[in-house]
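One structure below.
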Amino acid sequence: SKPMRATDILENQPSSFGDFVIPESLEASSMDAEEQAKSDTRFMIVLLLVYFSQGIMVLGGLAMAFFLKDRLGLSPAESAIVSGAISFGWILKPVYGFISDSFPIRGYRRKPYLFLSGIVLFAAQLLTAFVCTTIPEATAYLLLSAV
């Protein structure tokens, strides 16, 4: 059996789905071997980056668990409360999206907000690592890093 290519899915599907028709330029049969190899390579790079980023996030969670347990002396229940409070920042993500889309900075809708949030994240992580000594401080800094 031959190895599966990224475009095998398109080859095995009809060229139209109801009202939606796949343009001829997207059909796999219109690609030559070199274009197909480039497409497969790009697909594999994206796939590897997604899995790498998902896996590397575990390391941050592991470090946070040891930080809460060893440095702050929290019980598992208290660690769960702090972790739950930290996840509140994710609830606000749609609000941030609305603000960035509605109020561009110097003509840009996302880049300045990403830059500013990166600076805030960096500062919050530094404060957590070097200044944090109490549970309320940890919650505040970690919440700020999640925002």
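The values are calculated or read from the model by the stated rules, or taken from the named source; none is laboratory data. Being a predicted model, the structure only gives us computed values, none of them experimental. Virtual Cβ from ideal backbone geometry, glycine too; neighbours counted across all protein chains shown. Heavy atoms of the whole protein, side chains included, go into the accessibility calculation; ligands, DNA and RNA do not. Shrake-Rupley method; radii C 1.70, N 1.55, O 1.52, S 1.80 Å.
Per-structure values
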item: Single residue of GLY61, GLY55, GLY107, GLY89 found to be in the same structural domain as THR134 (by the TED database) and open to solvent by less than 60 Å² (accessible area, probe 1.4 Å); result: GLY89
item: Residue check, ALA138 in the same structural domain as ALA80 (by the TED database), over 17 Å from the mean Cα position of the chain (by Cα) and closer than 17 Å to PHE88 by Cα; result: yes
item: Which listed residue, of SER83, SER53, is over 17 Å from LEU143 (Cβ atoms), out of contact with any Phe, Trp or Tyr (no Cβ under 9 Å at 6 or more places or on another chain) and free of Cβ contacts under 8 Å to residues at least 60 places away in the same chain; result: SER53
item: Residues of region 64-84 satisfying the condition of being of a type in the set (Asp, Glu) and either exposed (fewer than 10 other Cβ atoms within 10 Å of the Cβ) or at pLDDT below 85 (or both); result: ASP70
item: Filter result for the condition that a residue is surrounded by 14 or more Cβ atoms within 10 Å (Cβ to Cβ) and either basic (Lys, Arg) or not in a loop (DSSP other than H, G, I, E, B) (or both), over PRO136, PRO112, PRO94; result: PRO112
item: Enumeration of residues in region 128-147 that are among the hydrophobic types (A, V, I, L, M, F, W, C) and farther than 24 Å from ILE99 by Cβ; result: ALA129, PHE130, VAL131, CYS132, ILE135, ALA138
item: Criterion violated by LEU121 - all others in (1) modelled with pLDDT of 85 or more; (2) surrounded by 12 or more Cβ atoms within 10 Å (Cβ to Cβ); (3) touching a helix residue (DSSP H, G or I) at 6+ places or on another chain (Cβ under 8 Å); (4) over 15 Å from ALA146 (Cα atoms) satisfied; result: (4)
